[in-house]
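Enquirer: Structure in structure tokens, see below.
The values are calculated or read from the model by the stated rules, or taken from the named source; none is laboratory data. Since the model is a prediction, treat every value here as computed from it, not as a measurement. A quick note on method: Cβ atoms are made from the backbone with ideal geometry, for glycine too, and the neighbour counts reach across all protein chains shown.
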Amino acid sequence: MNGFMGRLLLVDLTSGRLSEEALDSGLMHQFVGGAGFAARYLYDRIDVHTDPLGPENPLLFMTGPLVGTAAPLCGRYEVCARSPQTGLWGESNSGGRFGPFLRFSGYDGVLFTGKAARPTYLAIRDGHAELRDAAHLWGKDTYETQEAIQAELQGTKLSIACIGVAGEGLVKYAAVINDWGRAAGRTGMGAVMGSKNLKAIAVGGQGQVPLANPDAFSAAVQATIEAVKEDVKGQFLTAGGTASTVDTTMWMGDIPNKHYSMALWEPVAKLGGGTMAETILTGQKACYRCVIGCGRVTRIGGRHATESIDGPEYETVAAYGSLILSDDLEGTAYASHLCNRFGLDTISAGSTIAFAYQLYNRGILTSKDTGGLKLDWGDIEPALTLTKQIAHREGLGDLLAEGSRALGRRYGVEDQAIQVNGLELPMHDPRAFVGMGLVYATSPRGACHNQGDMFLVDLGAPVPELDIQLGNRLESSEEKALMTSRVMDWRTLYNSLVMCVFCNPSADLVLDLLNGATGWNLSRDELLPLGQRAFQMKRLLNGKLGLTAANDRLPKPVLQPLVDPAVETQPPDMSILLPAYYRIRDWDEFTGMPSAGRMTELGLQDLVAH
């Protein structure tokens, strides 16, 4: 199978048995790889009765046909299971080197089932896999864990994905951390690892991905590298990192302030990439074969002095900064460091903490509830304390570890929690880009900006060869629904390849890379249908897990207007957007599932629509 190593490693943690399974070439043609393949593969293995934190929940680490090749920005991997945070489809991806190194070890993916009797980690080196004792690693943070395993497995160039104490303690939004500070952060895949007593996976080897047409692939690689280098968006990320988004979109109301209740808060500029470069930045980091290098390395002083910190990224400076009205850049960097070490999703952790701040300032949470902490707007120190409490499930942190939906439910204000299906909104306010509201409401994993970055499209990044056109960022219309559906299909294909969303060459170059690697000889017209098939596959799986049309809704606060003469914003009109989107997707208005005709059109007719 060109473009693939051709096999999955199957790990039964209960028995300790390791085996292999050949990849189904038919499924790869249908779903490409990554999260698309994972959704189809896990569809037959989970249902509404599967306990997300039970041994019966399968956990799949998966790569795609471009991972580990010379293609730029294709150093990612997907980790998938039923989410303990949402109860629905769980999907998260991360950069670094783990995805390529998994392929070099001889496998396209690893499926974990069951539960180990004691803490365990998996090591795969040049096709040889073994389960090893991890009792001495339990309780260590993710940096200590990676260092210890590197020392144990001497002589091998490795990449390690692991969990920290948050995953061990089954925090619902625990992350998987690899290559020091890279995170598969969303939907709680770290908690699934913890529930299985699986501390880490170490991978490495000398394998090479077979290519169908090496010459054509090499030409496509060179053309793609040049395109990415010439892309202004990529240049912007190289210069300022993801936090440079602060500097460009704050005047559009994109950055959420004071837990999504304020349109503009000008001190947020102190958290941007420009300020970071002038103050705490010490270097840059790039993932495997990346020509952008958006990762930041920083150093902070003062009471939280830390020599080397991965980040902070845009989502973190907003989640731990503007959401609580703190302009303390060093504080947000330290928050990022804590989350990386503990293994926490910074979006969900920061947003849940910000919700606690809001409830405290409304008198709903009291000092008795907080253990004496004063959650005053602008003060990041209590947020840092709460982050530690969440990771260790101590004090109020034990409740916050369940997420903002659970916090709101406990105090009778669940409708004020900023989440969709249990997953907290990312740091792009849908009142600045209404297409993001539709993405959040219908994303297969809950609120997610990487399932369809309409904010980027409407900032001026169309894909004209796929008829993805930029539009008015505040316009709720059928056209916006159509463009949103296409963007979501396109990014779903990215999550199957697996390609970083910061890599934006022409669709024809993406096609050349895929064809050069696999030899499939696809046409441009087949790209979006590949993405749509995987997207609808995830929808069917969510239907099997209990999702209906009633799940497709936004939290009430982001449907309320923001009033600020300096910033133009507009709540998404879901009464226009959602029905139009349903018509485009051919979804039933009650079940929320695709019609039999659409399933047949996509080759999914053998699956049951729930």
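Enquirer: Right, Tyr360: of a type in the set (Phe, Trp, Tyr) and either surrounded by fewer than 24 Cβ atoms within 10 Å (Cβ to Cβ) or touching a Phe, Trp or Tyr at 6+ places or on another chain (Cβ under 8 Å) (or both) or not?
Expert: Answer is yes for this residue.
Enquirer: Given the conditions (1) part of a helix (DSSP H, G or I); (2) surrounded by 21 or more Cβ atoms within 10 Å (Cβ to Cβ), which single one is not true for Ser326?
Expert: If we test Ser326 against (1) part of a helix (DSSP H, G or I); (2) surrounded by 21 or more Cβ atoms within 10 Å (Cβ to Cβ), just (1) comes out false.
Enquirer: Could I ask something else about it? Does Pro557 count as more than 23 Å from the chain's Cα centre (by Cα), closer than 22 Å to Arg445 by Cα and assigned to a helix (DSSP H, G or I)?
Expert: Against the criterion (more than 23 Å from the chain's Cα centre (by Cα), closer than 22 Å to Arg445 by Cα and assigned to a helix (DSSP H, G or I)), Pro557 qualifies.
Enquirer: Looking only at segment 507-541, which residues are closer than 16 Å to Ser218 by Cα, surrounded by fewer than 24 Cβ atoms within 10 Å (Cβ to Cβ) and among the small types (Gly, Ala, Ser)?
Expert: Hit for segment 507-541 is Gly519, nothing else.
Enquirer: What's the number of the only condition in (1) in contact (Cβ under 8 Å) with a residue 12 or more places away in the chain; (2) at positive phi; (3) out of contact with any helix residue (DSSP H, G or I) (no Cβ under 7 Å at 6 or more places or on another chain) that Gly155 fails to meet?
Expert: Looking at each condition in turn, Gly155 falls short on (1).
Enquirer: Among the residues of segment 579-610, which ones are over 27 Å from the mean Cα position of the chain (by Cα) and of a type in the set (Val, Ile, Thr)?
Expert: Thr600, Val608
Enquirer: With the condition being surrounded by fewer than 19 Cβ atoms within 10 Å (Cβ to Cβ), I'd like the strands (runs of 3 or more DSSP E) fully within segment 1-104 carrying at least 1 qualifying residues.
Expert: 7-12, 17-22
Enquirer: Of all the residues that make up segment 393-404, how many are assigned to a helix (DSSP H, G or I) and in contact with an Asp or Glu (Cβ under 8 Å, 6 or more places away or on another chain)?
Expert: Summing the residues that are assigned to a helix (DSSP H, G or I) and in contact with an Asp or Glu (Cβ under 8 Å, 6 or more places away or on another chain) in segment 393-404 gives 1.
Enquirer: Related question: Would you confirm whether or not segment 130-153 contains a residue that is surrounded by fewer than 24 Cβ atoms within 10 Å (Cβ to Cβ), basic (Lys, Arg) and assigned to a strand (DSSP E or B)?
Expert: yes
Enquirer: Further, regarding this structure: Quick check on segment 208-224. Is at least one of its residues in contact with a helix residue (DSSP H, G or I) (Cβ under 6 Å, 6 or more places away or on another chain), in a strand (DSSP E or B) and surrounded by fewer than 24 Cβ atoms within 10 Å (Cβ to Cβ)?
Expert: Within segment 208-224 (the criterion being in contact with a helix residue (DSSP H, G or I) (Cβ under 6 Å, 6 or more places away or on another chain), in a strand (DSSP E or B) and surrounded by fewer than 24 Cβ atoms within 10 Å (Cβ to Cβ)), the answer is no, since none of the residues qualifies.
Enquirer: Kindly indicate whether any position in segment 445-452 is more than 19 Å from the chain's Cα centre (by Cα) and surrounded by 22 or more Cβ atoms within 10 Å (Cβ to Cβ).
Expert: No, because not a single residue in segment 445-452 is more than 19 Å from the chain's Cα centre (by Cα) and surrounded by 22 or more Cβ atoms within 10 Å (Cβ to Cβ).
Enquirer: A further question on this structure: State the number of residues belonging to segment 193-207 that are part of a loop (DSSP other than H, G, I, E, B) and within 14 Å of Ser105 (Cβ to Cβ).
Expert: 3
Enquirer: Inspect segment 571-593 for any residue being under 24 Å from Met250 (Cβ atoms), surrounded by 17 or more Cβ atoms within 10 Å (Cβ to Cβ) and either aliphatic (A, V, I, L, M) or in the same structural domain as Val487 (by TED's automatic domain parsing) (or both) and give the result as yes or no.
Expert: yes
Enquirer: State all residues of segment 417-472 that are β-branched (Val, Ile, Thr), touching a residue at least 60 places away in the same chain (Cβ under 8 Å) and within 19 Å of Arg585 (Cβ to Cβ); if no residue qualifies, say none.
Expert: Val420, Val434, Thr442, listed by residue number.
Enquirer: Still on this structure, I have one more. For the structure I just gave you, tell me whether Thr238 is part of a helix (DSSP H, G or I), in contact (Cβ under 8 Å) with a residue 24 or more places away in the chain, under 21 Å from Asn2 (Cβ atoms) and in contact with a Cys (Cβ under 9 Å, 6 or more places away or on another chain).
Expert: Considered against the rule, which asks whether it is part of a helix (DSSP H, G or I), in contact (Cβ under 8 Å) with a residue 24 or more places away in the chain, under 21 Å from Asn2 (Cβ atoms) and in contact with a Cys (Cβ under 9 Å, 6 or more places away or on another chain), Thr238 comes out as no.
Enquirer: Any idea which of Lys157, Lys233, Lys258 is over 21 Å from Pro55 (Cβ atoms), basic (Lys, Arg), surrounded by fewer than 20 Cβ atoms within 10 Å (Cβ to Cβ) and in contact with a strand residue (DSSP E or B) (Cβ under 8 Å, 6 or more places away or on another chain)?
Expert: The match here is Lys157.
Enquirer: Let me ask another. From the list Leu509, Leu578, Leu541, pick out the single residue that is touching a residue at least 40 places away in the same chain (Cβ under 8 Å), among the hydrophobic types (A, V, I, L, M, F, W, C), touching a strand residue (DSSP E or B) at 6+ places or on another chain (Cβ under 7 Å) and assigned to a helix (DSSP H, G or I).
Expert: Leu541
Enquirer: Looking at this structure, is Glu465 assigned to a helix (DSSP H, G or I), surrounded by fewer than 21 Cβ atoms within 10 Å (Cβ to Cβ) and of a type in the set (D, E, K, R)?
Expert: Yes.
Enquirer: While we're on this one: Out of the residues in segment 291-311 meeting the condition of being aliphatic (A, V, I, L, M) and not in a loop (DSSP other than H, G, I, E, B), tell me which one is nearest to Thr224 (Cα to Cα).
Expert: Applying the filter and picking the extreme gives Val297.
Enquirer: Only one of (1) part of a loop (DSSP other than H, G, I, E, B); (2) free of Cβ contacts under 8 Å to residues at least 60 places away in the same chain; (3) closer than 30 Å to Gly272 by Cβ; (4) not aromatic (Phe, Trp, Tyr) fails for Val171. Which number is that?
Expert: If we test Val171 against (1) part of a loop (DSSP other than H, G, I, E, B); (2) free of Cβ contacts under 8 Å to residues at least 60 places away in the same chain; (3) closer than 30 Å to Gly272 by Cβ; (4) not aromatic (Phe, Trp, Tyr), just (2) comes out false.
Enquirer: If you check Gly293, Gly302, which single one turns out to be farther than 25 Å from Asp247 by Cα and surrounded by fewer than 22 Cβ atoms within 10 Å (Cβ to Cβ)?
Expert: Gly302
Enquirer: Please state which of the following conditions Ser348 fails to meet, knowing it meets all the rest: (1) part of a helix (DSSP H, G or I); (2) within 22 Å of Ile177 (Cβ to Cβ); (3) more than 23 Å from the chain's Cα centre (by Cα).
Expert: (3)
Enquirer: Name every residue in segment 405-441 that is in contact with a strand residue (DSSP E or B) (Cβ under 9 Å, 6 or more places away or on another chain) and either in a loop (DSSP other than H, G, I, E, B) or under 19 Å from Gly343 (Cβ atoms) (or both), in order of residue number.
Expert: Hits for segment 405-441 are Ala417, Ile418, Asn421, Gly422, Leu423, Glu424, Leu425, Asp429.
Enquirer: Of (1) over 23 Å from the mean Cα position of the chain (by Cα); (2) assigned to a loop (DSSP other than H, G, I, E, B); (3) among the acidic types (Asp, Glu); (4) within 25 Å of Asn542 (Cβ to Cβ), Asp376 satisfies all except one. Which?
Expert: (4)
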